[in-house]
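Laboratory data are not the source of any read-out in this text; all were calculated from the coordinates shown. All values reported here derive from a predicted model rather than from experimental measurement. Methodologically, a virtual Cβ is constructed for each residue, glycine included, from the backbone with ideal geometry; neighbour enumeration extends over all protein chains shown.
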Amino acid sequence: MSPRVDSRTTAGNPARTRTRTGDADAMAVTAFVLGLVGLLVMNLILGPTAVVLGALALRRHTTRPGRARLAIGLGLADVVLLACLVTADGTWSWSLT
């Protein structure tokens, strides 16, 4: 009697591995865009989201590690920018006046 192989595992299933890598690539790109947009609006939400998605993409072995690292950097810059804004004028948003 031979052991039964579960087809839901990623071992020996290249289609499942490609899908997971594709998801990681999409996470890296999404994190980059969120980090970039977060420099202008909603720093408090988009910055940490970019950091988390970038880290998850790296953990899932994305084929775009540079973009994921840049997303983490942009997310951290979002939070630092927000801290500078709050320190400078006590507001949580951009102000032209």
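Values computed for the structure shown
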read-out: Local electrostatic count, Arg67, Cβ distance below 15 Å [Lys/Arg +1, Asp/Glu -1]; value: +2
read-out: Centroid-to-centroid separation of the stretch 36-57 and the stretch 63-84 [C-alpha atoms, Å]; value: 7 Å
read-out: Potential extension, Val37-Leu76 segment - 0.36 nm per residue separation minus Cα distance; value: 12.8 nm
read-out: Under the Karplus curve 6.51 cos²θ - 1.76 cosθ + 1.60, θ = phi - 60°, whole-Hz ³J(HN,Hα) for the stretch 22-39, x wherever Gly or Pro sits; value: x, 5, 5, 5, 5, 5, 5, 5, 4, 4, 4, 5, 5, x, 5, 5, x, 5
read-out: Relative contact order (%) - criterion: Cα under 8 Å, at least six apart; region: the stretch 28-97; value: 37 percent
read-out: Residues of the stretch 23-62 with amide N under 20 Å of the 7 Å Cα→Cβ point at Ala83; value: 35-55
read-out: 14 Å beta-carbon shell around Leu53, net charge (K/R +1, D/E -1); value: +2
read-out: Calculated from backbone phi, Karplus (6.51, -1.76, 1.60) coupling profile of the stretch 47-54 in Hz, x at Gly/Pro; value: x, x, 5, 5, 5, 5, 5, x
